[in-house]
Each structure stands twice: as structure tokens, then as C-alpha cells.
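Notes follow the structure.
The values are calculated or read from the model by the stated rules, or taken from the named source; none is laboratory data. For clarity, every value in this text was computed on a predicted model and none was experimentally measured. Backbone-built Cβ (ideal geometry, glycine too); neighbour counts: all protein chains shown. When the accessible area is computed, the model is the full protein with side chains, heavy atoms only, and any ligands, DNA or RNA have been set aside. Shrake-Rupley method; radii C 1.70, N 1.55, O 1.52, S 1.80 Å.
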Amino acid sequence: MRRVILILLVLMQLMFFINYIINDGIIFFNIYVWSVLSLISLFTGWRAIRSEPNLYENRRFHFGLSLTLFILSIVSLIFIVLIAFTKPYFLHIY
């Protein structure tokens, strides 16, 4: 179950990056959702890195997936801060 949650969080992080690349004009609708998801992913990735894998789970796969989620969420938070400084009009709620 943890593996599924980690994979889904990684896919959601990638979805927001793809969403910004395809159409950066609609990012202001979901930048707050993206920041909350990044914080949740950061916390989940950190806890998954520090925990042991399940009984039937490969240790390398678990650590690699956890590390990928942790790094991707840090990059996502940095990207959100970059957007906030370069395009602050995305942060306005109309």
C-alpha cells in the first residue's frame, strides 16, 4: 500500500510540472494545491526514507522511490518559490 501511495504522489508531482509546461496560464488555479501536495509529498518521502520496506518489498526499490519522491517534492517547492518571485500575478485569487 505504501508503494502505491508513493507512486501516486510521484505521478501527481509530475502532472503539475507537465501542466505548467503545457499551459502556464492556468497554473494560478492550482498553485496552492500544488504547494500543499508538495509539502505532503516532502513529509511522506522523508518518512518513507527513514522507514524500512515491507516484508515482500525490495529494499532498493523502496529507497529509490522514496528518494525520488523526496527530491521531486523539494524541486517542486523550489519551482513554486521561483514562480512566486518571477510571476507573482499567478498568486492572486480573483
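Residue by residue through the range 47-63, note down the ones that are within 17 Å of LEU8 (Cβ to Cβ) and either open to solvent by less than 30 Å² (accessible area, probe 1.4 Å) or touching a Lys or Arg at 6+ places or on another chain (Cβ under 6 Å) (or both).
Selection gives ALA48, GLU57, HIS62.
Any idea which of (1) surrounded by 14 or more Cβ atoms within 10 Å (Cβ to Cβ); (2) under 11 Å from the mean Cα position of the chain (by Cα) is the one VAL36 doesn't satisfy?
(1)
Are there any pairs with C-beta distances below 6 angstrom linking a residue in the range 7-20 that is closer than 12 Å to SER41 by Cα to a residue that is modelled with pLDDT under 90 and not in a helix (DSSP H, G or I), with the two at least 6 apart or on different chains, and if so which?
none
State which residue is surrounded by the fewest Cβ atoms within 10 Å (Cβ to Cβ) when the search covers only the range 67-89 and only residues that are more than 16 Å from PHE16 (Cα to Cα) and modelled with pLDDT under 90. Step through it out loud before you land on a result.
Residues of the range 67-89 more than 16 Å from PHE16 (Cα to Cα): 67, 85-89.
Restricting the remaining residues to those that are modelled with pLDDT under 90 gives 85-89.
Numbers: PHE85: 8, THR86: 8, LYS87: 13, PRO88: 9, TYR89: 6.
This residue is TYR89.
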